[in-house]
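These notes concern the structure reproduced below.
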């Protein structure tokens, strides 16, 4: 078995990590919020692997990280009225949006016909997504029902055998992204995390 790739995202050769993901690998990566399990959105095998690692129901959604407006558009079926420009005025940011899902993406990523999407505010992560060429599945590093893990050494011990364990520089974050639902009659905040005030202001939420 090959040794997993390790190091800091900003210091690594992005092309090497992108190749691992395109080949169906699963990587722990720092995001603009907390550490996450990541894989390409286009392969079911690594998606199922992540779901099993977390002990999570397949009916629970997973976040997709995109690097550009063009990439987000491939994931969305139809933009709810008045939401598109406001959302792109926020992104890149730790704000995840629930949107009507394109039927072209795997059913596992669009429970109830919806998809969770974010353009993250971490330059090295954006570069990795762009180099990989497709959105990345992202979900917190933890077992279902447990708090997110924020130390890479502990993550490696708890989840051995992954393809990459990539560290962040400096202290980790314990706050996930804010999640907003844009699919109903009114915009709702489903989870208040980082940048909650920014999201509320952009969409006029009290």
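The values are calculated or read from the model by the stated rules, or taken from the named source; none is laboratory data. This is a predicted model, so every value here is computed, not measured. Quick reminder, even Gly has a Cβ in these numbers, built from the backbone with ideal geometry, and neighbours come from all protein chains shown.
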Kindly establish whether residue 192 is modelled with pLDDT under 90, surrounded by 14 or more Cβ atoms within 10 Å (Cβ to Cβ) and under 18 Å from the mean Cα position of the chain (by Cα).
no
Please count how many residues of the range 76-113 are at pLDDT below 95, part of a loop (DSSP other than H, G, I, E, B) and either within 13 Å of the chain's Cα centre (by Cα) or loosely packed, with under 15 Cβ neighbours inside 10 Å (or both).
6
Qualifying residues in the range 119-129 (those that are part of a helix (DSSP H, G or I) and in contact with a helix residue (DSSP H, G or I) (Cβ under 7 Å, 6 or more places away or on another chain)) - the one surrounded by the most Cβ atoms within 10 Å (Cβ to Cβ):
128
Of all residues making up the range 15-37, the number that are on the phi < 0 side of the Ramachandran plot, surrounded by fewer than 18 Cβ atoms within 10 Å (Cβ to Cβ) and touching a helix residue (DSSP H, G or I) at 6+ places or on another chain (Cβ under 7 Å)
2
Out of (1) surrounded by fewer than 20 Cβ atoms within 10 Å (Cβ to Cβ); (2) more than 23 Å from residue 153 (Cβ to Cβ); (3) within 16 Å of the chain's Cα centre (by Cα), the one residue 116 does not meet is (1)
Taking residue 15 and the conditions (1) in contact (Cβ under 8 Å) with a residue 24 or more places away in the chain; (2) not in a helix (DSSP H, G or I), which numbered condition does it fall short on, given that it satisfies the others?
(2)
So residue 67 passes all but one of these: (1) part of a loop (DSSP other than H, G, I, E, B); (2) modelled with pLDDT of 95 or more; (3) touching a strand residue (DSSP E or B) at 6+ places or on another chain (Cβ under 8 Å). Which condition number does it fail?
(3)
